[in-house]
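*Asks:* Here it is, the structure in full.
Every number here is computed from the coordinates shown, using simple stated rules; none is lab data. Note that this is a predicted model, so its numbers are computed, not measured. Every residue, glycine among them, receives a Cβ derived from its backbone with ideal geometry; neighbour counts consider all protein chains shown.
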Amino acid sequence: MALLEVENLCIDYRTKNGYLRAVDGVSFSLDRGQSLGFVGESGCGKTTIGMGLMGLLPPNGFIREGRILFEGEDLVKLSPDEMRAVRWRKIAMIFQAAMNALNPVQRVGDQVAEAILVHNPGLSKEKAMEQVEELFELVGIETDRMRDYPHQYSGGMKQRAIIAMALACRPALIIADEPTTALDVIVQDQILAETRALQKEFNIGIIFISHDISIVADMCHDIGVMYAGQLVEYGSREEVFEDPVHPYTKALLSSFPTLTGQKADLVPIPGETPDLIEPQLGCRFCDRCREQIPSCKEKTPEWVAMGHRHKALCCRCEMGR
Amino acid sequence: MQDRPEPILDIQNVEKIYRSKGALFGARRKDVVALRNVSLKICEGEIFGLVGESGSGKTTVGRLIVGLEDVTAGNILLDRENITQLKGRALKAFRRKVQMIFQDPYQSLNPQRSVLDTVSEPLVIHRLGRSADRKEQVHKALKAAGLSPPENFFYRYPHRLSGGQRQRVAIARAMVLNPKFVIADEPTSMLDASISAQIFNILLKLRESLDVTQMFITHSLAAARYLCDRIAVIYRGKVMEVGSGEMVIRNPRHPYTQALIDALPKFRTRGVVKRYDTLLEKDRRLEATLTGCPFYPRCAVADERRCHREDPELKLLGDGHYVACFRLA
């Protein structure tokens, strides 16, 4: 059984102008020890997916449809109290700009211990601190820094402390939302390497959310490309990045500067992302698409299987099949 | 340093130290050395990339050139005129020639001003043209920055613009004075990749059409490679390597540049980019001193006897490629 199975997830936000569908019919699954990455531009719904899985949607957001099967249990049906028992214990999240998530007036070690104590009420403080020590060793912070305050840490160390906190209850699934965006490349590289090692050691499933294609390509077995609330292409890293079929994936890849290849082939995507309150009929990308055909505007695209797991939501691919 | 004709901007041995006053009760004064002995020459019409991590001093270089901060020592020459001593009218005249594009377009635009107000403000400040002409100049600047048709944007306020559009307004504001030199400080770090590519292409086009020399400050080697003719890599206030973009990235010689390239995610570069492994597993925990190479505490190939005592100078390796490292001497 897959660790996580999401079926036809739809998440809406109530706004002044009506319901905004931030996530529209997204389905995917993830096994233990595997990682899945979501890429897309800002506003495509990737963070909303993470928040939806954690049950931490803002007050105006709610799950309209779909199922989130975690270890066989549907999280959508759980009450807030039941969800609290799952959250952090079984599913942990590393938030965007996580280094600002630490309490500035509490020692870092104590903060991590608190996360353990809240979820293991019977545990003594000393036992919890022992666990914190182990966690710090695990993520590569010297244990004599446990009694320091967050301002004495560098950005990379704070990020490691946050990862330690996410690991505190030995979760089966970690959702990492832009975990290294604010860090320098060298520190980022170290943290990603550590994350990879920890994933292997504890057999954790990880969902990476990032706008940085290169990180997702480096870290994830499977990739989901998102556009305007929909998953538009899904497949293994090799399938999606080496043989992309959806025009949006191709456009995204060619707008990304790399260290190799021809200098001249950086191509921006024209236009802006569409309105999600009244989404257009047909394909949502077609106004910006280089390869559009007349039927793109009229027909709602359907999933086309391209390979083993590789699939794309595109009318042109449908034709070519 | 570079034997090319007539640099438009000449930074000579610039040093910048931020003095701290220390705490009220006795804490020691600790000065922060932001730049040490930085010398760079930028030629007319070139796009020059300054690459470094956060805290490396790259933004400080930009702020010194525009005159937002004063140098502690050294000279900065623009068109052979020393700008570090300028005051009053001369300073104002100089500011017409140099403009800056800031990192965050959500903060650098005044939310209470329309696009027309924002972009024409520099003209008003420098008393250029009459108001009718100004509108035309704003029109031209917006068009050059890729906002078309410009009339549609005149009376919009920043909250009705997307991030990419805001940054283009910021570019238009910098370009409206027809500056000789523009500094773009991480102009795309807040934007998505697809929008970044648009901004890059606008900057490239501006160089062609208006002949503006640019300094592009970034943390991304890949972006610098795409945009820049030459690149300088800066670490803890010291310039480590200077050379043409291709040279620095294809054949990095300084251990720090090599470590940077190692650290980049190997997306689409598997097997193409070789690993250098110049970074120490564990940092040598040394007190930061003013002597020695700033990269010494992290450098795996450092010479224990020499590198932490002497400060290496930039040496020419040939073909305009300069590296500050004893290992290569």
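*Asks:* Just to be sure, is A:Lys250 assigned to a loop (DSSP other than H, G, I, E, B), more than 28 Å from A:Thr195 (Cα to Cα) and free of Cβ contacts under 8 Å to residues at least 24 places away in the same chain?
*Replies:* No.
*Asks:* When the residues of region B:33-78 are filtered to those that are among the charged types (D, E, K, R) and not in a helix (DSSP H, G or I), which remaining residue is nearest to A:Ala182 (Cα to Cα)?
*Replies:* Out of the qualifying residues, it is B:Glu53.
Quick grid of which residues meet (1) acidic (Asp, Glu); (2) away from every other protein chain (no Cβ under 14 Å):
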{"position": "B:Ser108", "(1), (2)": "no, yes"}
{"position": "B:Glu121", "(1), (2)": "yes, yes"}
{"position": "B:Arg127", "(1), (2)": "no, yes"}
{"position": "B:Ala144", "(1), (2)": "no, yes"}
{"position": "B:Gly163", "(1), (2)": "no, no"}
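*Asks:* Let me ask something additional. Take the residues of region A:271-292 that are of a type in the set (Lys, Arg) and over 23 Å from A:Ile11 (Cβ atoms): which is surrounded by the fewest Cβ atoms within 10 Å (Cβ to Cβ)?
*Replies:* Among residues in region A:271-292 that are of a type in the set (Lys, Arg) and over 23 Å from A:Ile11 (Cβ atoms), the one surrounded by the fewest Cβ atoms within 10 Å (Cβ to Cβ) is A:Arg290.
*Asks:* Any idea which residue in region A:175-197 is farthest from the other protein chains (Cβ to nearest Cβ), counting only those that are surrounded by 19 or more Cβ atoms within 10 Å (Cβ to Cβ) and in contact (Cβ under 8 Å) with a residue 60 or more places away in the chain?
*Replies:* Residue satisfying both the conditions and the ranking: A:Ile175.
*Asks:* How many of the residues in region A:231-244 are surrounded by 22 or more Cβ atoms within 10 Å (Cβ to Cβ) and either touching a Pro at 6+ places or on another chain (Cβ under 6 Å) or of a type outside the set (Asp, Glu) (or both)?
*Replies:* 6
*Asks:* Here is a list: A:Gly18, A:Gly25, A:Gly37. Which entry is crowded, with 18+ Cβ neighbours inside 10 Å and of a type in the set (Gly, Ala, Ser)?
*Replies:* Of the residues listed, the single one that is crowded, with 18+ Cβ neighbours inside 10 Å and of a type in the set (Gly, Ala, Ser) is A:Gly37.
*Asks:* Further, regarding this structure: So is B:Met100 of a type in the set (A, V, I, L, M, F, W, C) and touching a strand residue (DSSP E or B) at 6+ places or on another chain (Cβ under 6 Å) or not?
*Replies:* Here the answer is yes, as B:Met100 does meet what is asked.
*Asks:* Ok, one more. If the requirement is being in contact with an Asp or Glu (Cβ under 9 Å, 6 or more places away or on another chain) and closer than 22 Å to B:Gln198 by Cα, which of these qualifies: B:Arg160, B:Arg113, B:Arg173?
*Replies:* From the options B:Arg160, B:Arg113, B:Arg173, the qualifying one is B:Arg173.
*Asks:* Shifting gears a bit: Could you tell me which residue of region A:210-235 is nearest to the other protein chains (Cβ to nearest Cβ), considering only residues that are closer than 20 Å to A:Arg32 by Cα and either assigned to a strand (DSSP E or B) or of a type in the set (Lys, Arg) (or both)?
*Replies:* A:Ile223
*Asks:* Filter region B:235-249 down to residues that are touching a Ser or Thr at 6+ places or on another chain (Cβ under 9 Å) and within 13 Å of chain A (Cβ to nearest Cβ) and give me whichever is nearest to A:Pro257 (Cα to Cα).
*Replies:* Checking each candidate, the answer is B:Ile249.
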